[in-house]
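The values are calculated or read from the model by the stated rules, or taken from the named source; none is laboratory data. All figures in this text were calculated on a predicted structure; none of them were measured in a lab. Here the Cβ is made from the backbone with ideal geometry for all residues, glycine too, and neighbour counts use every protein chain on show.
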Amino acid sequence: MEKSLSWPEFIITRLIQSSGYSAILFVALIFFFLLREGLPALGEVDISSLLNFRWYPIESYFGILPLISGSLIVTLGAALIAVPFGIGTAVYISEVAPRWMREILKPLVELLGGLPSVVLGFLGILVLAPFLRVFLNLPTGLTAFTGSLLLGGIAVPTVVSVAEDALDSVPRAYREGAWALGATRWQTIWRVTLPAAKSGVLTAVMLGVGRAIGETMTVMMVTGNAPVLATGLGSLFAPVRTMTATIAAEMGEVANGSTHYHVLFFIGIVLFIISLIVNVIASSVVFRAKKRAERILS
Amino acid sequence: MKLFAQNRHIVQRLGFIAITIMALVTVLPIIGTVAFILMKGGSAISLEFLSGFPHDGMRTGGILPAIIGTLYLTLGTALFSVPLGIAAAIYLSEYARDNQLTRLIRLAIINLAGIPSVVYGLFGLGLFVLFLKFGTSILAASLTLSIMTLPVIISTSEEALRAVPQAFRTVSISLGATRWQTISRIILKEALPGILTGIILGLERAAGETAPILFTGAAFFLPQLPHSPFDATMALPYHLFVISTQVPEMPIQIQYGTALVLLVFVLTMNVIATVIRSRARAKRQW
C-alpha cells in the first residue's frame with residue numbers, strides 16, 4: 001500500500017507514531033522520577049522504621065503504617081457507599097428508567113464527576129462536618145467517615161458509567177430469552193443481566209476504588225489530618241490522615257533533598273504501585289471478558 | 001417457592017421502588033450541591049469581586065489573579081495536551097495494528113488515567129520544576145496538568161475517530177488521496193465534534209484540579225498578575241483551598257463566592273461539551 005510516501009507525509013506519519021508511543025514514555029518517566037526522588041529514603045531510614053506506627057517527621061519518625069491504614073479505612077468506607085449506590089444507579093439507568101429519565105440522569109452523574117474535589121471538600125468543612133458532629137454526637141466532624149461519604153460521591157460517577165456500559169453491552173437476546181421463560185424484569189436483572197455483565201461491573205468497582213484511594217484534596221480537607229493508626233471500625237469516626245493528604249500537606253514545607261522529602265516521594269511510589277495494580281487487574285478483567293464473548297459468538 | 005412465584009410481581013415492584021430511591025439518593029445531592037453554592041455565593045459576586053485584587057490578607061477585595069491564573073493554566077494545558085492527544089488518538093485509530101505494542105500503549109493510557117493527582121504533582125516537581133529547572137511556574141504546572149489530561153483526550157478522540165464509517169476511508173483512498181490527506185481532510189472533520197467534547201471534558205478536569213499544581217506552579221498570594229510562563233500563579237481551586245483552610249477569620253461570603261466562580265467555570269465547560277455532543281448526534285447522517 002505505502003510504496004512511496006512523500007517526505008512531508010513521512011514526517012507526519014512518524015510524528016503521529018511517536019505521539020502514540022508517548023503514553024508509554026510518560027508512565028515510564030513518572031515511575032523513573034518517583035524512584036529517583038523516593039528510593040534514597042530507603043538508604044536514610046530503615047525499612048523497619050518505615051513500617052512503623054508513628055508518623056512524626058519533625059522528630060524523624062517516618063512510620064507510614066498509620067497513613068496506609070488511614071487510606072484503607074477511608075477507601076473502604078467510600079467503597080461501601082459507592083459500590084451499592086453506583087451499581088444500583090447503573091441498573092436503574094440501564095434497565096429500569098424511562099428514556100426521558102435516562103437523558104436527565106446521565107448528564108447529572110457526569111456533572112458529579114466534573115465537580116472539583118476542592119469544592120466538595122469546602123462544602124464538607126462548612127456543611128457536612130458540622131452536621132455529622134451534631135447528628136452523631138462526635139467531638140469533631142472532621143473524621144474518616146466524613147471523608148468516606150464525600151469520597152463515595154467522588155467514586156460514584158466512575159462506577160456508574162463503567163457499570164452502565166457493561167450492562168448496555170449485554171445482548172438484548174439474553175433479556176428476551178429470560179422474559180420468554182416467564183421471568184419478571186426484576187428477576188431478569190438479577191439472574192441474567194447482572195451476571196452476564198459481571199466482569200464489567202467488577203471493573204467498575206475496581207476503578208471506583210482506585211479513584212477513591214488516589215483522591216487528595218477532599219480527604220485532606222475533611223478527615224482531620226491526624227496520623228494515628230486505624231485499629232478498627234471505631235477509627236471510622238475519628239480523625240485520620242491518608243497517604244495522599246500527607247504528601248499534599250507536607251511537601252510544600254520540606255527542604256528539597258531532605259529525608260522527609262525522600263519519604264514523601266516514597267509514599268508516592270507506594271500510591272503509584274497501588275494504582276498500577278488496580279488498573280492492570282481492572283483492564284485484564286475486561287480483556288478476559290472480551291475474549292470469552294468472542295468465544296461464545298464464534 | 002410457590003409463594004415466591006405468586007409474589008414475584010410484588011417483589012419486582014418493591015425492587016423497582018428501592019432502586020429508584022437509590023438512584024435519586026445518588027443524584028439529588030448533586031443538584032443540591034450546585035444549587036446551594038449558587039444560592040450562597042450569589043451575593044458575593046460583584047464587579048469588584050471579579051475584577052479586583054485580594055486585600056487585607058485576602059479577607060476583602062476580589063479574586064481576579066486567581067481567575068486569570070486558572071485561564072492561563074487551562075490554556076497552557078490545552079497547548080500541550082490537545083495536539084499530542086489528538087495525534088495519539090489518530091495513531092491508535094488509523095495506524096496501530098492489533099499487536100503487543102498497541103496493547104501496551106492502551107495499558108499505559110489506562111494507567112495514566114488512574115494515577116492519583118497528587119502523584120502527578122510529585123512527578124511534575126521532580127521532572128519539570130527541579131530536573132528541567134522550570135521552577136514553580138505556569139509552564140511546569142501546565143505540563144503536569146497536560147499529562148494528566150492526556151488519557152481523557154486520547155480515549156474520547158479515538159472513540160470519535162473510530163465512529164467514522166470505514167467507507168469514508170475506502171472512498172477517499174480510492175479517489176487517489178494519501179492516507180494523511182484522508183485523515184486530515186475527511187476523518188478529522190467528521191470526528192471533530194466528538195474530539196471537541198473530549199478536549200473540553202479533559203480541560204474541565206484540569207481547570208478544577210488542585211493537587212497537581214500544589215508544588216508545581218500555584219502561589220498562595222501574588223500582588224500582581226504573572227508576566228511570563230516562568231512565573232508562579234494563583235489559581236481558583238488552590239485559592240479556594242487556601243481561604244477555606246489556611247486563613248483564619250476568613251469571611252464566609254468570599255469563600256462561597258470563590259466556590260461559585262470555580263463551579264460556574266467548570267459547569268460552563270461541562271454544558272458546552274454536552275451541547276456539542278448532543279447537537280452532533282442529532283445532525284449526524286451516517
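A few remarks follow.
- Every test in (1) charged (D, E, K, R); (2) more than 23 Å from A:I274 (Cβ to Cβ); (3) within 25 Å of the chain's Cα centre (by Cα) is passed by A:E37 save one, and that test is (2).
- Exactly one residue among B:V275, B:V261, B:V266, B:V242 is free of Cβ contacts under 8 Å to residues at least 60 places away in the same chain and either in a helix (DSSP H, G or I) or at the interface with chain A (Cβ under 9 Å from one of its Cβ atoms) (or both), and that residue is B:V275.
- Pairs meeting the criteria (first residue in region A:114-126 and at the interface with chain B (Cβ under 7 Å from one of its Cβ atoms), second residue among the basic types (K, R) and surrounded by fewer than 24 Cβ atoms within 10 Å (Cβ to Cβ), beta carbons under 8 Å, at least 6 apart or on different chains) are A:G114/B:R205.
- Check on B:F215, out of contact with any Phe, Trp or Tyr (no Cβ under 8 Å at 6 or more places or on another chain), closer than 30 Å to A:Y261 by Cα and either in a helix (DSSP H, G or I) or in contact (Cβ under 8 Å) with a residue 12 or more places away in the chain (or both): yes
- Residue check for B:A167: in a helix (DSSP H, G or I) and within 27 Å of B:A207 (Cβ to Cβ): no
Residue-by-condition table, conditions (1) surrounded by 24 or more Cβ atoms within 10 Å (Cβ to Cβ); (2) away from every other protein chain (no Cβ under 12 Å); (3) more than 17 Å from A:A230 (Cβ to Cβ):
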| site | (1), (2), (3) |
| --- | --- |
| A:A97 | no, no, yes |
| A:R102 | no, no, yes |
| A:G141 | no, yes, yes |
| A:A155 | yes, no, yes |
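- 2 or more residues surrounded by fewer than 13 Cβ atoms within 10 Å (Cβ to Cβ) and at the interface with chain A (Cβ under 10 Å from one of its Cβ atoms): qualifying helices (runs of 4 or more DSSP H) within region B:1-109: B:2-42
- Condition check for A:S48: exposed (fewer than 14 other Cβ atoms within 10 Å of the Cβ), small (G, A, S) and more than 7 Å from chain B (Cβ to nearest Cβ): yes
- When each of B:A206, B:A191 is tested for being closer than 30 Å to A:G268 by Cβ, part of a helix (DSSP H, G or I) and at pLDDT 90 or above, the lone residue that passes is B:A206.
- Condition met for B:L122 (within 18 Å of B:L214 (Cα to Cα) and among the hydrophobic types (A, V, I, L, M, F, W, C)): yes
One line per residue, one yes/no per condition, for (1) in contact with a Phe, Trp or Tyr (Cβ under 7 Å, 6 or more places away or on another chain); (2) at pLDDT below 90; (3) surrounded by 23 or more Cβ atoms within 10 Å (Cβ to Cβ); (4) not aromatic (F, W, Y):
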site	(1), (2), (3), (4)
A:V205	no, no, no, yes
A:T231	no, yes, no, yes
A:Y261	no, no, no, no
A:V270	no, no, no, yes
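- One residue from A:V192, A:V219 being among the β-branched types (V, I, T) and farther than 25 Å from A:L65 by Cα: A:V192
- Residues that are of a type in the set (K, R) and farther than 22 Å from B:I272 by Cβ within region A:71-123 comprise just one, A:R99.
- Under the condition of being more than 10 Å from chain B (Cβ to nearest Cβ) and either free of Cβ contacts under 8 Å to residues at least 24 places away in the same chain or surrounded by fewer than 24 Cβ atoms within 10 Å (Cβ to Cβ) (or both), the residues counted in region A:233-253 number 9.
- Single residue of region B:154-166 satisfying the filter (within 11 Å of another protein chain (Cβ to nearest Cβ) and crowded, with 24+ Cβ neighbours inside 10 Å) that is farthest from B:T182 (Cα to Cα): B:I154
- Those residues of region A:201-230 which are more than 12 Å from chain B (Cβ to nearest Cβ) and in a helix (DSSP H, G or I), in sequence order: A:V201, A:L202, A:A204, A:V205
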